[in-house]
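Encoded as structure tokens, the structure appears first; notes follow it.
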Amino acid sequence: MGQLLRIIIILIGVWLVLSIIKRALASRRKSRADQTSIPKMVACDLCGTHVPESEAICEDGRHYCSEAHQKEARG
């Protein structure tokens, strides 16, 4: 009877450790997915090329993919 109780306690302990590891791995995957989010893309008002908003050149509410296109749009 004592050995059966010991085996049950060991199995519960193993299950508990595996559950903790599984949760830790799942939360790590989730945080990585949050960090690799897709940046917002905007279209160049001159040529239509899509560029990340952080890299676009903005002027008067318009977005350009390069300084050359910004100057060309000014005329």
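What to note about this one:
- Under the condition of being small (Gly, Ala, Ser) and surrounded by 16 or more Cβ atoms within 10 Å (Cβ to Cβ), the residues counted in the range 55-66 number 2.
- Candidates in the range 1-54 are the residues that are of a type outside the set (A, V, I, L, M) and touching a His at 6+ places or on another chain (Cβ under 9 Å); of these, the one that is surrounded by the most Cβ atoms within 10 Å (Cβ to Cβ) is CYS44.
Every number here is computed from the coordinates shown, using simple stated rules; none is lab data. Keep in mind the model is a prediction, meaning the values are calculated, not measured. We place every Cβ from the backbone using ideal geometry, glycine too, and count neighbours over all the protein chains shown.
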